[in-house]
1. Need the full-extension length gain, K489 to A547, defined as separation in residues times 0.36 nm minus the C-alpha distance. One decimal, nm.
2. Check the stretch 238-375 and count each lysine pair with an alpha-carbon distance under 27 angstrom, considering only pairs eight or more places apart or from different chains.
3. Do any trypsin sites (Lys or Arg not before Pro) in the stretch 1-54 lie in a DSSP loop with no more than 15 other beta carbon atoms within 10 Å, and if so, which?
4. Output wanted: per-residue J couplings in Hz (rounded whole) for the stretch 348-354, from phi through Karplus 6.51 cos²θ - 1.76 cosθ + 1.60, θ = phi - 60°, x for Gly and Pro.
5. For I121, list long-range residues whose amide hydrogen, built 1.01 Å from N in the peptide plane, is under 5 Å from its own amide hydrogen.
6. Looking at T414, T387, T452, which one has the Cα that reaches farthest to the positive end of the dipole of the stretch 380-458 (charges on Cβ: Lys, Arg +1; Asp, Glu -1)?
7. From the phi of every residue in the stretch 251-256, what ³J(HN,Hα) in whole Hz does the Karplus formula 6.51 cos²θ - 1.76 cosθ + 1.60 yield, where θ is phi - 60° and glycine or proline is x?
8. With each label point set 7 Å from Cα along the Cα-Cβ vector, what nm distance links D152 and A5?
Amino acid sequence: MEKSALQAARAAYQPKLPKALRGAVSVKEGAATESVADQAAIAELFPNTYGMPSLTFVEADSKEAKPVMNAGVILSGGQAPGGHNVIAGLFDGLKSLNPENKLYGFLLGPGGLVDHKYIEITAELVDEYRNTGGFDIIGSGRTKLESKEQFDKGLEILKELDIKALVIIGGDDSNTNACVLAEYYAQIKAGVQVIGCPKTIDGDLKNSEIGTSFGFDTACKVYSEVIGNIERDCNSAKKYWHFIKLMGRSASHIALECALQTQPNLCIISEEVEAKNMTLDEVVEQVATTVANRAAKGDNYGIVLIPEGLIEFIPAMKRLIAELNDFLAHNGEEFAMIKKSAKREYIISHLSPENSAIYASLPEGVARQLTLDRDPHGNVQVSLIDTEKLLGEMVGTKLAEWKKAGKFNGKFSTQYHFFGYEGRCAAPSNFDADYCYSLGYNAAMLIGEGKTGYMSSIKNLTAPAEEWIAGGVPITMMMNMERRHGEMKPVIQKALVKLDGAPFLEYAANRDHWAIDTCYIYPGPIQYFGPTEVCDQPTKTLILENA
């Protein structure tokens, strides 16, 4: 594989490990754990893996010889920077346990396990991918491991390859599946351990034992670099309002972190909108007021950050979408027969008065998306809604009304952006390169200790890497019961932005100042080489949460 100059230099980078993982290790057990909610229900569903203790690795005096033990690895879900380093750390950790150990990678996600598609990950192969972005070493996929048939089919190939442990690298859904798989294999005494690793750039897989999910640091730095570039352009031309949508359907961690890094004029936090029971019009008015206040001092330009899942957090929009889903599920055929020009009026005439009024207020394009773009379950695909354009157009309409009433005398021109895929496969920052390598190496140590149903955990992440604390946390500890597709299911609880948490409070303390004045920060590109205070810093979120 031909390498760029940066890739060649990064290939030589040796990720830093916690002190406890650098030689012989032993494990210390903590107290028994329980799930974050619904303890009785979770305990009943996971009798073999519930209530296990948290684990911490400490340095040992001598290394114990471990028997030969093959392992498999799966990359599941969307890409996140650092996935290759999890595999590199896992490979190196397995070889440190016993040089005869082999690692197999299942191709294109969990589907590779079910369909028996795999490769052996060799030293030569893994060396090509160290410290690189992407998941291309084995690919990823979104097949959900949910059925007994899938588990049994996977077990066939695990037995054939003499694989005694499976590492699933994924987000909350993938690790929920890992937990169910660990329970099933324990129940039937299959002799296969299952270990999870916390991945998602959205940052919503974290708790007291998981400081952050990998990829979040790199993705936010990539987005913040580009936001900083746009801020510089905005401040140079002084003529556009830039509406920037960012990844984060279920939580606003990325938008908040990017706001802390770049200090835009406005960052909408979905969780706050929901907590305040704000209407779409109130969100629009909040943005329009910021535009008008800046215009009053001669600044007809600015930056607005928007999480992609905002629409689902606006209570009134959530009710509209729910009614639309239900109505179209029962009247889809009739709706399909209506002429295109009459579809909007047809919907307006069939909704409840409250939802009809909201639907009528939406721009044509968004209204159409709400009725046409359905997922296989019949739900609106909100990620396809151009929320940034929706807000920009509605703010423009509001300002035009204010202009007629003499309440606004400025100019309002817009530019729209969506930053998503740009951050998913970036070369990992030093933090993510180190963190991911440690997660993988740590997963190998959990395998060596015979553990199953655990997630690899690296804590104390704002300290230098050698002081990081390595261990494992039972996945059942993170679970609760939620309604999915009409029935209650055990799932890992998503971590939303806490409105009483330090990162949000830091933003809230500064936002009035940032809204009216131009306080932009230009972070620039990720730095891989140089002083540690430039290269190895974690996110503002982590620093504030651990202050």
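Throughout, read-outs are computed from the coordinates displayed, never taken from laboratory work. The model shown is predicted, which means the values in this text are computed figures rather than measured ones. Neighbour counts run over all protein chains shown; Cβ positions are idealised from the backbone, glycine included.
1. Result for the pair: 17.3 nm of gain on full extension.
2. So the count works out to 9.
3. K3, R22
4. Once θ is set to phi - 60°, the couplings for the stretch 348-354 become 4, 6, 10, 8, 4, x, 4 Hz.
5. L103, Y104, G105
6. The residue sitting farthest along the positive end of the dipole is T414.
7. Ordered by residue, 3J(HN,Hα) equals 8, 9, 4, 5, 4, 5 Hz.
8. 5.9 nm
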